[in-house]
Each structure stands twice: as C-alpha cells, then as structure tokens.
Amino acid sequence: MANLYAARRRKNTATMVLSLAATAFGLGWLVLILGVLLWEGFSGLSLAVFTEMTPPPGSTGGLLNAIMGSLVLTGLAVLIGTPIGILAGTYMAEYGRHDRLTSVVRFINDILLSAPSIVIGLFIYEVMVYPMGHFSGWAGSVALAVIVIPVVVRTTEDMLTLVPDTLREAAASIGLPRSLMIIRIAYRAAKAGMVTGVLLAVARISGETAPLLFTALNNQFWSSNMNAPVASLPVVIFQFALSPYKDWQALAWTGALIITMAVLALSITARALTTTRKQS
Amino acid sequence: MQPAGRRDVVDLALQGGAVRAREAVSRSQALARLRLGDVAFRHLTRAAAVMVLLILSGVILSLVIGSLPAIREFGLGFLFSERWNPVTEKFGAMAPIYGTIVTSLIAMLIAVPIGLMIAMFLTELCPQWLRRPIGTAIELLAGIPSIIYGIWGLFVFAPFLQETLQPFLITVFGEIPVLSSLFAGPPYGIGTLTAGLILAIMVLPFITSISRDVFDAVPPVLKEAAYGLGCTTWEVVRFVVLPYTRVGVIGGIMLGLGRALGETMAVTFVIGNAHRISASVLAPGTTISATIANEFTEAVGDLYTSSLILLGLILFVITFFVLAAARYMLSRINKRIG
C-alpha cells in the first residue's frame, strides 16, 4: 500500500516538474528570439534607417521607402477591411443572431481567419494582378484587407453579443430606430472591444509577407504610386536576409526589430484596452 | 421663483403648438427617412456578411480557374509525381506535399505534449498571480510575425543545430538500422528537421492557449470531487480534465496543425527548397507554401504558374478540411460548456 502511494506521488512530482520545464522551455524561446532580435537590430539602428532609401548591394542606406510602403499598405488595408468587417459583424450580432446565414458566415469566417496567407496572395494575384497586367500597391492592400476582415468580423460579433439586451430595449422603448440604436448605443457600448479588434488586425497584417510577395512585390525606390509595385518592410526583410551581402542582412535585422516592436506594442495596447473594459 | 427647466418645457410646448401644422408633414417625412435609413443599414450589413462568403468562394474559384491548365496537362498524376522541372515543364506535387506533411508532423510531435504540459502548469500548478503574465508571454510568442521566426531560424537557429543537435543525432542514431537513414547525411543546418522545429515553436502558443482555455472551463466541482477522493494533481488532469475536454483539446491541436501546414515565411527561410523526397530529415526539402513563395514571381510560362496555383489549391483544400474539423470540435466543446 505504502509502495503504491509512493509510486503515485513520484509520478505526480515527475509530471509537475516536466510541466514546469515545459513552461520554462516555451518562455525560453520568447526570451531567446527577442534577445537576439534586440542585439542584432539595435546594432544596426541609426537615424539613416528612417531617412534613407533601401541601398543597392555594397553601399549603406536605410529603410525609409519600405517603412512608408508598409504604413501605406497597412493603412489602406485597414480602411478597406474594417468597414466591411464591422458591418458583417453587426449583421451577425444584431440582425441575424440566430439565423442560418449567420452560422454559415461564422463558420466560413473562422476558416478564413486561419487560412494560409499565401493562398490569399494567390487569390489576389488571380483577380487583380493578372487582369491588370502588373503588380501594384492596390493589390497588396486588398490582399491585406482580406486578412483584416475575418479578424474584425470575429471581434465585432463577440463584442456586440456582450452588449446587454436591456440597453437595446431601452433604446427601442424611446422610439429609436434600430439602425440608430446600433450606431449610437450598441457601437458605443462595444467600442473598446471593437478598437481592440482593429488593433489586432493591424498587428496581424503588419508582419505579413506571403500575401505581398506577388501582389505589391517590391520596389527599390520611393514610390507614392499605388498602381506600381510598392516596397514593404516584410518583403524587404525577406529579400535582404536571403542575400549574401552583410549590409543588407544588417538592415534586415533592423527591419525585423522595427516590425516586432510595432506588433508587440499593438498587441499589448489591445490587451490593455480589453482589461480596463473588463474591470470597469 | 420658477425653476429654469420648467419654463423651457412651457416654451417648447407653445412653440410646438405654433408649428404643428407644418410639423405634420415634416414628421412623416422624417419618419420615412428614418425607415429608409433603417432598411438601408440592414441591407448594408447583410451584404457585408454575404461578402465574407463571397471571399471564400472567390478564393476557391480563382484557384480552380488558375490551375485548370495544370490539371488538364497532368491530371491526377500531379499528386503522385516527384518531378519538378521548369525547363521541360514537367511538374509534380509529391515532394512539396511530402515536405508539408513531414514538417507539420515533426512540429506537432513536439508542440502537442509541450503545449499540453504548459496548459496543465497554467491551470493546475501555477500560482494565481503568475498565471496572467505567463499566459500573456506565451500569447506574445503567437503574435511575433512569421518572418521574424524565419530570419532568426536562418541566422541563429540553423547554425546552432548544425553544430550541436544534428551531429549528435547522426552519431547517436548512426548505428541503429532504421533510424540511421532517418538521420543520414551531413548536418546542413537548414533542412526538414529545422523547419519542423521552427514550426513547433510557432504553433506551441496556439495549442497552449486553446488547451488552457478548455482546461479552465472544466467545472471546478468535478476536479474538487477527484481531489476529495485523494487523487494527485496528475491523476486529476489525466482522468478528469483530459477526458472532459478531449474534443476541445483535439480541436486546438487541429487548429495548430492548420497553422503549421500553411505557414510560409518561417519555413521558406530554413527548409532549403530542394524538390526531392529523402528519407533523412536532415536533408533539405520543400513544402507547398515554400515552393510558391520561392518560385511564383520567377515562374515563366503558363504551365509553371498554373502548377504553382494548383499547389496552392491543394494546400487550401487540405487546410480547409483540417480547420473545418477543428472548428467543428471546438464548437462542440463550447456547446457542452456553455
């Protein structure tokens, strides 16, 4: 009997130690990756990174056109994707909460949410780049917008579902039309959560590379023409990191540091927004 | 003295009387406008919801149309051919499909047990005040863009493996009959194993956070009953928590698998992009997504492009079914808990 107890206790201790080790292992990667990134990224960080264009091999330069390209592509993608996502989420939570369309859309949306992003790139290539005959910044933004939509749909629906029905009933009882009730009451109540959704979507697309490879392509120079190929940080990192030139590799690390810091800042802000909402 | 508010009300009432005649018309106009806005908004939201469906059908349709030339040329043989020769325009998907499955398998073999262990630690063992920070840190790992894993894998992880783990595996398994072919060849650093390990790090947070969520949803009374019987923590997890959450955990694993199958950038950096199937996991290989990322912009000729799109279609179909199964299972566990 005593043997059995001892054996069970040993087994328990062993698993608990293993689970502790597993956690340390998981967190270790985060530390390792961020550590190397900070080390390599900071050593190449200088003012030139933000003021000069991407250089030809062998000379120095910066990432200005790539940073601007990324900002423009991301901004346009959010402008295109957010309204569609919010409206679709509104339908699912406000009008058709229990109808068939909503459950189908929810299922499809969840699949789009984790669909391989490179397939999205192929899709946009087929419907935009190929018919237009050239790569373009527009195609890149639309590809990113397709990734934004499912994220925003999901959070909008979730957040609107959390709004208490008594608020809606109160609005209806003073004769507010349904559309105004949604815009003035429900949106306002769910605002923090919906903003979080948009922030998460921005975090998601700001590091996306695969869908840009054959939509926005890349551009060595400054370009404000969205009808032409546009440079973006992730694609520049991809190209520079795989090149044999030391200067380019150093710039790739710096670019990687910029993206990671932006993404982490966005996710932490998004997280902070939702926690204050929960506490209030 | 009269309160200010009261006088306002009286004023409004007087005004109302004066403009009543005009108001009858404008009120019905205003109501009509509101009704119109209401209907328009309703249809607008509905159209946006339908748009989500259109995007998915658009993806499938465009991929099918784009891959028609390749389907016509190679037929079903595309799936079973290992050839990939842009010069003679002979293409087959066997090597990328094999690479995709092997790298994902390696990733899942490592990430599933570790992910479940971390989830167990977070729900059963970890002190309350530490749960949130650790959970957040693990989720931050999920937020790091895949290109970062790629550049890190290429410059840090692959050289590290080349010097440590890979020579170790070669010497340890070199003498054992079956395993020796699995770990044969020189340690390149980059290759199938490296890609699998990077994928493991990438899907770990997904599996962890979903398992933690479903573990957390187990009714405390069940666990308390088991503890009351004298079960150890491990026995509670093994015989109460895991059976109760099995569907959800499998759903989480499938979701991670879906990610691993479709992951592009991290793999492209470290897999080596070689179109061949080799028994050794140390050898360079390729995956569907890495092939597309590497070759699509350089593909010349309709057949080459079309073959790459067909690869994309195959990847999409595989991940679609994996993700659909994952969502189905997760919705089942949610129904049970909710």
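Structural remarks
- Theoretical FRET efficiency, 1/(1+(r/R0)^6), r = Cβ-Cβ of B:Ser57 and A:Asn225, R0 22 Å, to 0.05: 0.10
- Taken residue by residue and averaged, Cβ atoms of other chains lying within 10 Å of the Cβ of A:41-53 number 0.
- For the segment A:200-207, counting C-beta atoms of other chains within 10 Å of every residue's C-beta and taking the mean gives 2.
- Positive contributions from Lys and Arg (+1) and negative ones from Asp and Glu (-1), summed over other residues with Cβ under 14 Å from the Cβ of A:Leu264, come out at +1.
- Report note on the peptides B:319-325, A:41-47, A:108-114: ranked by the mean count of other C-beta atoms within 10 Å, highest first, their order is A:108-114, B:319-325, A:41-47.
- Long-range Cα-Cα pairs in the range B:155-270 (distance over 19 Å), rounded percent: 62 percent
- Stokes-Einstein translational diffusion, the range A:167-280 - Kirkwood Rh over all Cα pairs, 0.890 mPa s, 25 °C, in µm²/s: 141 µm²/s
- Helical content alone sets the calculated 222 nm signal of chain A at -23500 deg cm²/dmol, taking -39,500 (n - 2.57) per DSSP H segment of four or more residues and averaging over every residue.
- For B:Ser81, the residues whose modelled amide H falls within less than 5 Å of its own, excluding neighbours fewer than 5 places apart on the same chain, are B:Ala93, B:Met94.
- Around B:Thr233: net Lys/Arg minus Asp/Glu count, Cβ-Cβ under 12 Å: +3
- With the helix formula -39500 (n - 2.57) applied to DSSP H stretches of n ≥ 4, chain B reaches a computed 222 nm mean residue ellipticity of -25500 deg cm²/dmol.
- Here the extension length gained between A:Ala2 and A:Met261 equals 87.7 nm, from 0.36 nm per residue of separation less the Cα-Cα distance.
- Percentage relative contact order, chain B, counting C-alpha pairs under 8 Å, at least six apart: 25 percent
- Shielding of A:85-93 by partner chains, average beta-carbon count, 10 Å: 6
- Each Lys or Arg adds one and each Asp or Glu subtracts one; over the other residues with Cβ under 9 Å from the Cβ of B:Gly248, this totals +2.
- Per-q log10 I(q)/I(0), the protein assembly as shown, q = 0.06, 0.09, 0.12 Å⁻¹ (Debye; single scatterer per alpha-carbon; no solvent): -0.38, -0.79, -1.31
- More than 18 angstrom apart: percent of Cα pairs within the range B:81-230: 70 percent
- Rounded to the nearest 20 debye, dipole of the range A:139-280 from Cβ charges on Lys, Arg, Asp, Glu: 400 debye
- Of the DSSP H helices in chain B, those that are both long (alpha-carbon extent of 24 Å or more along the helix axis) and hydrophobic (Kyte-Doolittle mean at least 1.6) are B:94-120.
- Computed from the Cβ-Cβ distance with R0 of 41 Å, the FRET efficiency linking A:Tyr245 to B:Val64 stands at 0.50.
- In the range B:181-338, Cα pairs under 8 Å separated by at least six residues give a relative contact order of 35 percent.
- Once you reduce the range A:74-94 and the range B:82-152 to the center of their Cα atoms, the two points are 29 Å from each other.
- Hits among lysines - C-alpha to C-alpha of B:Lys223 under 28 Å, sequence gap 8 or more where chains match: A:Lys11, A:Lys278, B:Lys335
- Axial C-alpha extent at least 15 Å, average Kyte-Doolittle at least 0.0 - helices from chain A (DSSP): A:2-43, A:64-90, A:100-113, A:137-162, A:191-206, A:246-279
- Derived value for chain A: Kirkwood hydrodynamic radius 21.6 Å. Basis is the mean of 1/r over every pair of different alpha-carbon atoms.
- Computed over the alpha-carbon atoms, the range B:242-290 gives an Rg to Rh ratio of 1.18, Rh here being the Kirkwood radius from the mean inverse distance.
- Comparing mean-square fluctuations of B:Ile198, B:Ile101, B:Ile60 from a GNM of chain B with C-alpha springs under 10 Å, the top value falls on B:Ile60.
Read the figures in this text as sums done on the coordinates, not as results from a lab. These figures come from a predicted structure and were not determined experimentally. We place every Cβ from the backbone using ideal geometry, glycine too, and count neighbours over all the protein chains shown.
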